[in-house]
Amino acid sequence: MLEVKDLHVTVEDKAILNGLNLTINAGEVHAIMGPNGAGKSTLSAVIAGKDGYEVTQGTILFEGQDIFEMEIEERARAGLLLGFQYPIEIPGVKNIYLLKAALNAQRAARGEGEIPAPEFMKLVREKSAEMKMDPSFLQRAVNEGFSGGEKKRNEILQMLVLQPKLAMLDEIDSGLDIDAMKVVASGVNSLRSADRAILLVTHYQRLLNHIEPDRVHVLVDGRIVKSGDKELALELEARGYDWVLEESAA
Amino acid sequence: MSAPERFLERLTLRRTDDPSWVAARRQAGAARFEAMGFPTRRDEAWKYTDVRRIAEGDFALATDAGFDAARFEAQRLDIDAYRLVLVDGVFSEALSELEGLPDGVQVEPLSRALSANHEAVGGALGRLAGVDFSPFTALNTAFADEGVVVRLAPGAVVDKPIYVLLLSRANGQAVMSHPRVLIEAGARSEATVIEHYSGEAEAANFTNVVTEVLLDRGAIVDHYKLQEAALTDLHVASIHVDQSRDSRFNSYNLNLGGALVRTDLVTDLNGEGAEAAYNGLFFVQGRQHVDNHTLVNHNSPRTFSNENYKGVLDDRSHGVFNGKVFVKKDAQQIEAYQNNANLLLSDRAEIDTKPELVIYADDVKCSHGATTGQLDEDAVYALRSRGIDEPMARALLTLAFVGEVMDKVRLNVIAERVERAVAGRLPERFNLADLVETAEAVQEA
């Protein structure tokens, strides 16, 4: 589904990713872990087309398509969605507007007509209930005055409505208490399916107790230096990152 | 012949059966207008607004009020209201609906109100809008023979909005009209009055309206001015408000239409506890020019004003906002807040904004601010990252920008109409109107 080859990225002339390789197949959940400053967030930001990142080398194929040839909105419509670490507030734009406009854009890209209003209303109400969000949130401006946990739940709500093929979640667990974490994790888990994939970027292992990964990668200095199954995450939790750093330096 | 003389020539051609005192007032208006002439950009109050298109125009006076029925249905607000319609300044009995007014509430065309009770109605006319206010007020005073009179007895509460629809036709010969609106709200009375300017798409007439609003103790008046005239129409308005103790005046000045639209809004807070709220929106495109000059006079202690004007400017449009707050000596413990925020959608659009505070008291709470900018690019990105294309993202954010003012609008019919108009004007294929409907449906469900 996603193939990242020899990716080099600089931010303001500073090298952040230095030849990153990663393959994600449909049906898989991957977690990228690593110490602060390793470039974890950069990967998902580049895939989502965020400004300020310069790709100096390498390719990213999504379902065989070069994503650097696609506009930001085209990537999203194709099924690549990033849940932000710090979702921004968009005063005045109601949640319901964003959801409907985004969903219809996606449908239009597939050659489908707009979603009928009753069907849409049923969908968003169901998904809000799953995220334990009161329907009144739909009438509120996107993230405006939301608590940290509410913002994160709102990100997942967008995922549930838009059903991305590859959901990328950047530090989705930061700032969540345990109850909110469970709601968010159960939302993410409901996205798991044989034809979808999930990429989790996280600093801590605790999220992975709730969303069990198939593959865990350790990112250091802009490269994946170690990959393994979920046991690797537990080992990192117990031993920290130093041993990986030493191992990779050796 | 000078421009003022050319305009006033129409006055002498006009049929007249005015009583002598009305004739005298017309003459005073005409004389004052002739002496002042049309304002030029050398006049401080008209620095950014060039009225040559008016001064050099040739405008006749309409003599009938015919209007296409289907078009009328399409343009009127779908609202349960007492309705009075003027077509090019001429009263249309056929299109008006004034039956069933509650006791103590008078809503009539000016001509009729004057003939029924000259003294009571005529006495109030011109009390607030003197001929010295501006050449246009003087011109209106010279010509005005039609308009609307709203009089509320003490304690009268009007159950439905009073809806004044002023239509402009696409005439072969352009016309001018000088409507006069008088609203006298007795003590503790309450009413909502809508002035709605609309008309045929190619209309290129000149409307010069003067509105006077007197609020007695504790009266509450919501006043809407919805400008949706053709993008070729010319429009000058002044609204003069006098507020007694504990009265409340809420103004909603919503500008979408017109080639050149100038509105002066002046409120005198003359009694303790009087409160004025000015909510304004202008959304202009093409070569539209909209100028809002507002003034609040805090003449009495413990008076309150709150003003919020928002402008959205596209293409080569030009907006002007001049908001002045004046606090008289010894008018202590007043509060006055003013804000003007503008959004430029095009590099060639222009806004001239000037907030002014003039304070001669020392125990006051006042603030003012003006901002002008573009859309938040981080927000544009956030929307695009969800698959929304860029024009749509910008449209959503523009609608959001006006939302702050529209949220204050209490009449849903108007709020929805303006939101839809804003949505429909935004670039590209676009279906925000549909979104607005969905949001409303979810709310109701």
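Only the coordinates and a few stated rules stand behind these numbers; no lab work does. Worth saying up front: this structure is predicted, and the values here are computed from it rather than measured. Quick reminder, even Gly has a Cβ in these numbers, built from the backbone with ideal geometry, and neighbours come from all protein chains shown.
Report the FRET efficiency, 1/(1 + (r/R0)^6), for B:E56 and B:E350, where r is their Cβ-Cβ distance and R0 is 22 Å, rounded to 0.05.
Working: r = 23 Å, r/R0 = 1.02.
Step by step, r from the Cβ atoms, then E = 0.45.
Measuring from label point to label point, each 7 Å out along Cα→Cβ, what is the A:Q65 to A:A15 span in nm?
3.2 nm
What chymotrypsin sites (Phe, Trp or Tyr not before Pro) does the stretch B:292-371 have in DSSP loop regions with at most 15 other beta carbons within 10 Å? The partial results should precede the final answer.
Details: sites: B:F304, B:Y309, B:F321, B:F326, B:Y337, B:Y360; in loops: B:Y360.
Here the sparse-neighbourhood loop sites are B:Y360.
Taking other Cβ within 10 Å of each residue's Cβ, how do B:L269, B:L152, A:L20 sort, fewest first?
Least crowded to most crowded, the residues run A:L20, B:L152, B:L269.
For the stretch B:3-270, I need the span (max minus min coordinate) of the C-alpha atoms along each principal axis, in Å, sorted largest to smallest.
Answer, in whole Å and largest first: 47, 42, 38 Å.
Does a label point 7 Å from the Cα of A:A108, set along Cα-to-beta-carbon, have any residues of the stretch B:381-412 with amide nitrogen under 18 Å, and which are they?
In the stretch B:381-412, the label zone of A:A108 (backbone N under 18 Å from the point 7 Å along Cα→Cβ) covers B:381-400.
Let me know the mean shielding of A:101-110 by other chains, meaning the per-residue number of their Cβ atoms within 10 Å of its Cβ. Write down the numbers at each step before the final one.
Numbers: counts 14, 7, 3, 6, 8, 3, 1, 3, 2, 0.
Rounded to a whole number, the mean comes out at 5.
Full-extension gain between A:Q139 and A:D6, please, as 0.36 nm times their residue separation minus the C-alpha to C-alpha distance.
On the way: separation 133, 0.36 × 133 = 47.88 nm, distance 4.39 nm.
Stretched out fully, the A:Q139 to A:D6 stretch lengthens by 43.5 nm.
Going 7 Å from the Cα of A:Q163 toward and past its Cβ, which residues in the stretch A:71-85 have a backbone nitrogen under 13 Å from where you end up?
Those under the cut-off are A:79.
Along Cα→Cβ, 7 Å out, is where each label goes; now give me the distance between the ones at B:A361 and A:R239 in nm to one decimal.
About 7.5 nm separates the two model spin labels.
Which whole number of Å³ per residue matches the convex hull of the alpha-carbon atoms in the stretch A:1-69? Walk me through the numbers before you get to the answer.
Details: hull volume 5.7 nm³, N = 69.
Cα convex hull per residue, to the nearest whole number: 83 Å³.
Could you tell me what percent of the DSSP beta bridges with both partners in the protein assembly as shown are antiparallel, to the nearest 5?
Details: 33 of 184 bridges.
In the protein assembly as shown, approximately 20 percent of DSSP beta bridges are antiparallel ones.
Among B:S111, A:S44, B:S96, A:S136, what is the fewest-to-most ranking by other Cβ atoms within 10 Å? Intermediate values should be presented prior to the final figure.
On the way: B:S111 15, A:S44 23, B:S96 20, A:S136 11.
Ascending number of Cβ neighbours within 10 Å: A:S136, B:S111, B:S96, A:S44.
Only Cα pairs within less than 10 Å get springs; with that Gaussian network setup on chain A, which residue of A:I90, A:I211, A:I16 has the largest fluctuation?
A:I90
Between the stretch A:67-139 and the stretch B:350-384, what's the alpha-carbon centroid distance in Å?
31 Å
Restricting to bridges with both residues inside the stretch A:160-250, how much of the DSSP beta-bridge set is antiparallel, in percent to the nearest 5?
Details: 5 of 10 bridges.
Here the share of antiparallel DSSP bridges comes out near 50 percent.
What ranking of B:W46, B:W21 emerges when the number of other C-beta atoms within 10 Å of each C-beta is taken as an exposure proxy, fewest first?
Working: B:W46 19, B:W21 12.
Ordered by Cβ neighbours within 10 Å, fewest first: B:W21, B:W46.
Whats the longest run of chain B with zero GluC sites (Glu not before Pro) that are DSSP loop and have at most 15 other Cβ atoms within 10 Å? Before the final figure, lay out the partial values.
Details: sites that count: B:E56, B:E99, B:E202, B:E272, B:E428.
It runs B:273-427.
Filter the GluC sites (Glu not before Pro) in the stretch A:54-140 down to the DSSP loop ones having no more than 11 other Cβ atoms within 10 Å, then list what survives.
Working: sites: A:E54, A:E63, A:E69, A:E71, A:E73, A:E74, A:E89, A:E112, A:E114, A:E119, A:E126, A:E130; in loops: A:E63, A:E71, A:E89, A:E112, A:E114.
Counting only loop positions with at most 11 other Cβ atoms within 10 Å, the GluC sites (Glu not before Pro) in the stretch A:54-140 are A:E112.
Hey, got a sec? Which trypsin sites (Lys or Arg not before Pro) in the stretch B:254-303 land in a DSSP loop and have at most 13 other Cβ atoms within 10 Å?
Hits after loop and neighbour filter: B:R287.
According to a simple spin-label model (label point 7 Å from Cα along Cα-to-Cβ), what is the distance in nm between B:E202 and B:E93?
3.2 nm
Using alpha carbons only, what's the Rg to Rh ratio of the stretch A:138-217 with Rh from Kirkwood?
Numbers: Rg = 12.5 Å, Rh = 13.1 Å.
Reported Rg/Rh (Cα atoms, Kirkwood Rh): 0.95.
Hey, could you get me the Stokes-Einstein D for the protein assembly as shown, Kirkwood radius over alpha-carbon pairs, 25 °C and 0.890 mPa s, rounded to whole µm² s⁻¹? Provide the component values of the computation, followed by the final result.
Working: Rh = 28.5 Å.
D, rounded to a whole number, is 86 µm²/s.
So between B:R10 and B:A24, what do we pick up on full extension, going 0.36 nm a residue minus the alpha carbon distance? Working shown, then result.
Numbers: separation 14, 0.36 × 14 = 5.04 nm, distance 1.69 nm.
Extra length from B:R10 to B:A24 when fully extended: 3.3 nm.
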